[in-house]
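Peer 1: My questions will all concern the structure given below.
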Amino acid sequence: MQAVQLSFSSPGFAEKYHYNGDDLGVTYRPEGCSFRVWAPTAENVILITYPTGHDSAGEYHPMQKSDLGTWHLELPGDLHGTYYNYLVTIDGISAEAVDPYAKACGVNGMRGMVVDLERTNPEGWHQLKTPPLVHFTDAIIYELHIRDFTIDQNSGVTNKGKYLGLTEHGTYSPQKLATGLYHLKELGVTHVQLMPVFDFFTVDESKSANPEYNWGYDPQNFNVPEGSYSTDPYNGAVRIRELKQMIKALKEQGLRVIMDVVYNHTYLSRDSHLNIIVPGYYYRQDAHGNFHNGSGCGNELATERFMVRKLIVDSVCYWAREYKIDGFRFDLMGLFDIATINEIRSRLNEIDPGIIMFGEGWVGGHSPLPDCQKAIKGNVRQLPGTGVFNDDFRDAIKGHVFFHEQPGFVNGATGMEESIKCGIVAATDHDQVDYSQVLYSHFAWAAEPAQSINYNSSHDNLTLWDKLQKTHPGENQETLVAMHKLALAIVLTSQGIPFLHSGSEFLRTKHGNHNSYNAGDRINKIDWQRKARYFHVFRYVQGLILLRKSHPAFRMRTAAEIREQLRFLPMPAGHMVGYTITDAEGDPWRQIVTIFNANQIPKTVSLPGDNWVVVVNKEQAGVLPLEMVNVPYVTVPALSAYILVDAASFEEENGQ
C-alpha cells in the first residue's frame, strides 16, 4: 500500500490507473443498474444494498476488478430508491463508504441511493428556458442562504427555510411589501447565488423539530443536494425534486442560478468517504501522511491529481446539466491548480458558454501547491473566462475586512482614491490609475472586466451595516445610511460584475457577529421588517440596478473600451473620485459623469459642459431626471454619489 501511495503522481500510476470513463457511480436503467467505483489500491470491494437510507440490514454483492483501477457490478431490476454503499478492503481492513459519485442519498448522507433522475423532474422541467445573458458583465449577483432568506416569522412564506420557500408566489411582510421570490424579482438582480446546497455534514437532517444551523462549507457528498432544506430528508428523491422546483421558480422569474461550491476540502479527513476508498490519494499530505490544511478546515483536495480533477470536473458538469445551474462560485479557489480551473471552464463552455465562473482568489492557510500553480487573484490572467473577488476594492470602500475599526473610503480613510479608481476600472490596465497606491495588488491583475467581482460584503465577516457601525460607534443613523448608500452606489456603477450580500439593500445586520456560520436564525435570518423600515434604501438600490441594466456604459465588455471611454476627472479635494464615460458602445447616453464624494461636507466639482440631467443624487437613483444642472459645475452633497447625463442625449433618448 505504501509503495502505491508514494507513486500516486508518477507516470506509471497514471498509465495503469487513470480512468476516464463516464460511468463512475451508478448508471440507472429500468431493467438493471451498473455500479462502478475507482479503488485501485483495494484488495476487495463489495456493494451493499439497503432498503432504507438508515437503520436497516443490507445485502452483500461482491464486485469484480475492472479497467484502470475500477471495480464493477451489474444488478438486474428497477433499483430506483435502493440505498447502497461500498465495503472497501485495504491491507486486510474493511470499511464502508458512500459512493463519491452518488447522486442521491439517505438522511444525513450516510448511504447513497439509486435514483431515476427523470422521476425527480418537476412538470415542465425539460421545457424550462434559461434567462438570457449576453455577456458576463451584464450579471448582477445576489448571494443568499436558503434558510436565512425565508425563515423569519415575518417572511409570509409557508415553507420557511426550505427549497420550496423560494417557489412561493405572492409572499409579503406584515407591511405588505414583497418578500422571498417576488422580492428578488422586484429588486432586479440577474443572478441568485445560493450558498452551499450540496450535502454538508454538520446539520443533523433528522432533527427537523429542533433544527441545527450551518452555512454549509463542510461538504460531505458533492453530487447530492442538502437534505435539511427539503421537506423529507429521508427520501433521497425529494431533495432533488424540491431543489429543481426552486431553480425552476427562480428561472421563471428571469433569474439565473449560481451555486457556491466547496470542492477544496471535505469536512472529514482521514475517515472521509474519499480517504476510505483510496487512502492518501484525494488529499495533499506530507511525507509522514499528515494532511495539509490550506483550507483552514483540516485538509485540502489534491486537485492536480487526475482522478481528483476528474471528480470535480464531472461534478460541476453534472450540476450544470442535470440541475440547469448557470454559474459556479468556488470557495477558496486558490487551493485549485490553474489547469483544473481551466479544464472546468472548457467543459462548461461545451455545455453553455454563458455559465459564469468565479471564486475566492486566495487560500485559507498554507498549501504546498506552488503559488505559480494556484488559481489565485494574482494569476487570474491565466484563467480566461473565470473571475475572482476584488478584495482590493472591498476593503478600499469600507475598510479592512478583519480589522473592524479600520475605515475605508466611504467612512473616512485617507489615501483610498487610487484603490477606488482601480475598482472602478475592474482592476484592468488604465493609464490614469497609480497601481503602486492600490491596497494589496500593485498591478492591473484582470485581463478583462468580467474577471473582477466587485462587492462590499458577503456572508463572511461583518455585514456592511455592522462594519460602518464598528468604524463609527455612536454616529447618527442618517450619516451611516449615507455611507451605506454611497458604498453600494460605487459597486453598482463600477465596471466588472457587481455582487450584493442579501439584505444589504435594507441595511442587513448580524448584530456585530463577524463569523455567523453556526450562529442560528436569530443572527443570520433576513429580517423582513427592515425592508419597510429602510424602504428608501431599497428603492435607491433598486434604482441603481435599473440604471446599470439600462445603460451599457456601466458594464463595458473589454478592457480596451474602458481605457478609451472612461476617463477620470480632477477632483477639488481628497476623499473624492469622479470620471466621465463618453460614447460607450450601445449606450444612448453620449456622456455620463459619475462623482463620489466621501467628505462630510459638500464639494463643488467642475463639469465638462454646462447642460446636464441628474439621474442619481444623495436620495434617489434610477434613469429618470431628478434635477437639471445648467452650469459647468455641480455641488455634490456630503457622503453621496452623483451621476449626471448630458442633457442633449438624455432628451434625444426620451424623445423630447
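The values are calculated or read from the model by the stated rules, or taken from the named source; none is laboratory data. These figures come from a predicted structure and were not determined experimentally. Heads up, the Cβs are rebuilt from the backbone with ideal geometry, glycines too, and the neighbour counts pull from every protein chain shown.
Peer 1: Within segment 194-232, can you find the residues that are farther than 21 Å from SER315 by Cβ and surrounded by 21 or more Cβ atoms within 10 Å (Cβ to Cβ)?
Peer 2: TYR213
Peer 1: Quick one: which strands (runs of 3 or more DSSP E) lie wholly within segment 29-120 and hold at least 2 residues that are in contact with a Gly (Cβ under 9 Å, 6 or more places away or on another chain)?
Peer 2: In segment 29-120, the matching strands (runs of 3 or more DSSP E) lie at 32-38, 44-50, 70-76, 83-90.
Peer 1: Also, quick follow-up: Among the listed residues TYR579, TYR540, identify the single one that is farther than 30 Å from GLY385 by Cβ and of a type in the set (Phe, Trp, Tyr).
Peer 2: The conditions single out TYR540.
Peer 1: Which residue is surrounded by the fewest Cβ atoms within 10 Å (Cβ to Cβ), if the candidates are limited to segment 597-611 and must be hydrophobic (A, V, I, L, M, F, W, C) and free of Cβ contacts under 8 Å to residues at least 40 places away in the same chain?
Peer 2: Restricting to residues being hydrophobic (A, V, I, L, M, F, W, C) and free of Cβ contacts under 8 Å to residues at least 40 places away in the same chain, the top hit is ILE601.
Peer 1: Right, another one. Being part of a strand (DSSP E or B) and within 36 Å of the chain's Cα centre (by Cα) is the filter here, so list the residues in segment 614-632 that pass it.
Peer 2: The answer is VAL614, VAL615, VAL616, ALA621.
Peer 1: Same structure, new question: If I filter segment 126-160 down to residues being part of a strand (DSSP E or B) and not charged (D, E, K, R), which single residue comes out as farthest from GLN542 (Cα to Cα)?
Peer 2: Looking at the filtered set, the residue picked out is LEU144.
Peer 1: Also, quick follow-up: Residue check: is ARG394 of a type in the set (Lys, Arg), surrounded by fewer than 22 Cβ atoms within 10 Å (Cβ to Cβ) and either farther than 19 Å from ARG309 by Cα or without any contact (Cβ under 8 Å) to a residue 60 or more places away in the chain (or both)?
Peer 2: Considered against the rule, which asks whether it is of a type in the set (Lys, Arg), surrounded by fewer than 22 Cβ atoms within 10 Å (Cβ to Cβ) and either farther than 19 Å from ARG309 by Cα or without any contact (Cβ under 8 Å) to a residue 60 or more places away in the chain (or both), ARG394 comes out as no.
Peer 1: Now a separate question. Please find, within segment 612-626, the residue that is surrounded by the fewest Cβ atoms within 10 Å (Cβ to Cβ) out of those that are free of Cβ contacts under 8 Å to residues at least 40 places away in the same chain and closer than 19 Å to GLU652 by Cβ.
Peer 2: Among those residues, the one meeting the criterion is LEU624.
Peer 1: Further question: Among the residues of segment 531-549 satisfying the criterion of being more than 24 Å from the chain's Cα centre (by Cα) and of a type in the set (D, E, K, R), which is surrounded by the most Cβ atoms within 10 Å (Cβ to Cβ)?
Peer 2: Applying the filter and picking the extreme gives ARG539.
Peer 1: Counting just the residues of segment 87-105 that are touching a residue at least 60 places away in the same chain (Cβ under 8 Å), farther than 11 Å from VAL26 by Cβ and touching an Asp or Glu at 6+ places or on another chain (Cβ under 9 Å), which one comes out surrounded by the most Cβ atoms within 10 Å (Cβ to Cβ)?
Peer 2: It comes out as CYS105.
Peer 1: Quick one: count up the residues across segment 46-62 that are within 37 Å of the chain's Cα centre (by Cα) and surrounded by 13 or more Cβ atoms within 10 Å (Cβ to Cβ).
Peer 2: Of the residues in that region, 7 qualify.
Peer 1: Among the candidates VAL197, VAL238, single out the residue that is within 21 Å of ILE526 (Cβ to Cβ) and either among the aromatic types (Phe, Trp, Tyr) or touching an Asp or Glu at 6+ places or on another chain (Cβ under 7 Å) (or both).
Peer 2: Sole residue among the options that is within 21 Å of ILE526 (Cβ to Cβ) and either among the aromatic types (Phe, Trp, Tyr) or touching an Asp or Glu at 6+ places or on another chain (Cβ under 7 Å) (or both): VAL197.
Peer 1: So GLN469 ticks every box in (1) closer than 26 Å to ARG555 by Cβ; (2) touching a residue at least 24 places away in the same chain (Cβ under 8 Å) but one. Which box is left unticked?
Peer 2: (1)
Peer 1: When only residues in segment 627-656 that are of a type in the set (Gly, Ala, Ser) and modelled with pLDDT of 95 or more count, which is surrounded by the most Cβ atoms within 10 Å (Cβ to Cβ)?
Peer 2: Of everything passing the filter in segment 627-656, ALA641 is surrounded by the most Cβ atoms within 10 Å (Cβ to Cβ).
Peer 1: For the list (1) closer than 20 Å to GLY543 by Cα; (2) over 20 Å from the mean Cα position of the chain (by Cα); (3) buried (at least 24 other Cβ atoms within 10 Å of the Cβ), I need the number of the one condition that LEU486 fails.
Peer 2: (3)
Peer 1: Something else now. In this structure, does GLY53 turn out to be closer than 19 Å to ALA102 by Cα, in contact (Cβ under 8 Å) with a residue 40 or more places away in the chain and in contact with a Cys (Cβ under 7 Å, 6 or more places away or on another chain)?
Peer 2: yes
Peer 1: State all residues of segment 161-182 that are part of a loop (DSSP other than H, G, I, E, B) and either closer than 19 Å to PHE538 by Cβ or in contact with a strand residue (DSSP E or B) (Cβ under 6 Å, 6 or more places away or on another chain) (or both); if no residue qualifies, say none.
Peer 2: Result: GLY170, THR171, SER173, PRO174, GLN175, LYS176, LEU177, THR179.
Peer 1: Consider only pairs whose beta carbons are under 8 Å apart and that are at least six residues apart or on different chains; among these, list those whose first residue lies in segment 501-515 and is more than 18 Å from ILE258 (Cβ to Cβ) and free of Cβ contacts under 8 Å to residues at least 40 places away in the same chain and whose second residue is among the charged types (D, E, K, R) and surrounded by fewer than 17 Cβ atoms within 10 Å (Cβ to Cβ).
Peer 2: PHE506/ARG533
Peer 1: If you don't mind, there's one more thing I want to ask. Quick check on segment 429-458: of everything there that is surrounded by fewer than 17 Cβ atoms within 10 Å (Cβ to Cβ) and closer than 17 Å to GLU561 by Cβ, which residue is nearest to the chain's Cα centre (by Cα)?
Peer 2: By that ranking, first place goes to ASP429.
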